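Down below is the structure, laid out as structure tokens.
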Amino acid sequence: MSRLTQFAAGIAVAALAALPLAAQASDPTDIIDYRKHVMKTLGEQTAMMNAMLQKKVPDENFAVHAQVLAIAASTALMAFKENVEGGEAKPDVWAKWPDFEKRMKELAANTAELATVAKAGGAAAAAPKMAGALTCRGCHETYRLQKK
């Protein structure tokens with residue numbers, strides 16, 4: 001991994017690690033914005049990784065994106081901890097918290113495993129695990145409002 005890639009990964013990890021501090025805000029708008037940023041990070045990393053698997057862009061940084069994805073997934077549950085309705089989250093997130101929490105923990109575990117496989121074997125080794133690691137659709141159907 002090049003120094004630039006390591007530096008970029010370090011910056012991304014540091015930025016994601018600092019995000020939980022933002023969730024301690026008392027303004028509901030700040031909490032909703034924090035959630036949006038975490039979820040957007042998940043989506044962006046997934047999109048980049050899919051572009052690599054489709055050979056649209058070089059895949060040499062696949063493992064770095066997988067690591068950032070896993071870190072973001074590990075922070076996602078905390079982004080919903082406070083019961084602040086709004087944004088794209090349905091009230092069911094908090095009404096059915098045990099199920100939501102279980103799904104988010106599974107996402108974190110699955111993406112951590114994906115990152116481990118990607119680090120050891122690159123994009124080719126991780127490709128078969130992508131669909132199983134990213135169980136976003138079922139959760140979005142249940143807990144996310146339809147985009148307009």
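Here LYS55 meets each of (1) within 14 Å of the chain's Cα centre (by Cα); (2) farther than 16 Å from GLY138 by Cβ with one exception, condition (1). Across segment 70-103, the qualifying residues are those that are free of Cβ contacts under 8 Å to residues at least 40 places away in the same chain and within 16 Å of THR46 (Cα to Cα), and the one among them that is surrounded by the most Cβ atoms within 10 Å (Cβ to Cβ) is ALA73.
Those residues that are of a type outside the set (A, V, I, L, M) and touching a residue at least 12 places away in the same chain (Cβ under 8 Å), I need them from segment 104-120; list them, please. If the condition is that a residue be of a type outside the set (A, V, I, L, M) and touching a residue at least 12 places away in the same chain (Cβ under 8 Å), then LYS105, GLU106, ASN110, THR111, GLU113, LYS119 are the ones that fit. Could you please give the count of residues in segment 104-123 that are exposed (fewer than 15 other Cβ atoms within 10 Å of the Cβ) and under 18 Å from the mean Cα position of the chain (by Cα)? Of the residues in segment 104-123, 3 are exposed (fewer than 15 other Cβ atoms within 10 Å of the Cβ) and under 18 Å from the mean Cα position of the chain (by Cα).
The residues of segment 22-60 that are buried (at least 21 other Cβ atoms within 10 Å of the Cβ) and either of a type in the set (S, T, N, Q) or without any contact (Cβ under 8 Å) to a residue 12 or more places away in the chain (or both), listed by number, are THR41, GLN45. Which condition number does ILE71 fail, the rest of (1) at positive phi; (2) out of contact with any Pro (no Cβ under 8 Å at 6 or more places or on another chain) being met? Result: ILE71 passes all but (1).
Readers should treat all values here as calculations from the given coordinates under stated rules, not as data from a laboratory. Everything quoted here is computed from the prediction, not taken from an experiment. Cβ atoms come from the backbone with ideal geometry, glycine included; neighbour counts cover every protein chain shown.
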